[in-house]
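S.K.: Before I ask anything, let me first share the structure, which is written out below as C-alpha cells.
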Amino acid sequence: AKNNGITIAGVGQFLKAQNGLAIALFMNEVDQQNGLQLAIACNNTYYMKGVQLAFGANSSEKGSGVQAAAITNGSGNFKGAQIAIGANIGKFGRGIQIGLFNKSEDFKGLQLGLWNVNQKRKLPFVNWNFR
C-alpha cells in the first residue's frame, strides 16, 4: 500500500511506499520514500528521494537528496549531500560529504572533514574528485 501525506508513529513504522512526511520517535523503515523522513534513532530506506533527518543514523540503498544525522549516514548509491557529526559512508557517491570521517569507494564531488577517503586519495580536512 502507498501512503500519501503524513504518517506518525510513536515507536516505529514499516511502510512499503510513502509520499510525504514520515515521522517516528524511534525508526522509519520504508521501501520507497519520496519526501521527508524524521526519526530520533534512525531512518532506513531502500529507495529515497528527498530528505532523511535523524539524531542517530540514516541509511539508503539508492538515494537522492540530503541525509543529515548526528552519528552516521550510510548509502549504497547516493547523489546529493551527506552531513553527519560522525561519519558518512558510501559505496557510490556524487555531491558532498561533510562529517568527521567521510568515505566512499566511488565518489565524485567534495569531502569536508577531519579524515576523507575516496578512490583517489586519503586526506585530512578537504578531499575531492571530479573525474
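The values are calculated or read from the model by the stated rules, or taken from the named source; none is laboratory data. Remember, it's a predicted structure, so these values are computed and weren't measured experimentally. No Cβ is skipped: glycine too gets one built from the backbone with ideal geometry, and neighbour counts run over all protein chains shown. Heads up: the accessible areas ignore ligands, DNA and RNA and are worked out on the full protein's heavy atoms, side chains in. Shrake-Rupley method; radii C 1.70, N 1.55, O 1.52, S 1.80 Å.
S.K.: Test Thr7 against the criterion of being of a type in the set (Ser, Thr, Tyr), open to solvent by less than 40 Å² (accessible area, probe 1.4 Å) and out of contact with any His (no Cβ under 7 Å at 6 or more places or on another chain), and give yes or no.
M.R.: yes
S.K.: Could you list, in sequence order, the residues of segment 4-44 that are under 15 Å from Asn58 (Cβ atoms) and charged (D, E, K, R)?
M.R.: Glu29
S.K.: Still on this model: When the residues of segment 1-16 are filtered to those that are assigned to a strand (DSSP E or B) and of a type outside the set (A, V, I, L, M, F, W, C), which remaining residue is farthest from Gly35 (Cα to Cα)?
M.R.: Per the criteria, the residue is Gly12.
S.K.: Does Asn28 satisfy being part of a strand (DSSP E or B), open to solvent by less than 30 Å² (accessible area, probe 1.4 Å) and either among the charged types (D, E, K, R) or within 19 Å of Asn73 (Cα to Cα) (or both)?
M.R.: So Asn28 passes the test.
S.K.: For segment 90-131, how many residues are β-branched (Val, Ile, Thr) and within 18 Å of Lys49 (Cα to Cα)?
M.R.: So the count comes out to 1.
S.K.: Does Arg121 meet the test of being farther than 30 Å from Thr7 by Cα and modelled with pLDDT under 95?
M.R.: Criteria not met by Arg121.
S.K.: Considering each residue of segment 77-107, count those that are more than 15 Å from Val126 (Cβ to Cβ) and either among the hydrophobic types (A, V, I, L, M, F, W, C) or touching a Cys at 6+ places or on another chain (Cβ under 9 Å) (or both), and give that number.
M.R.: 8
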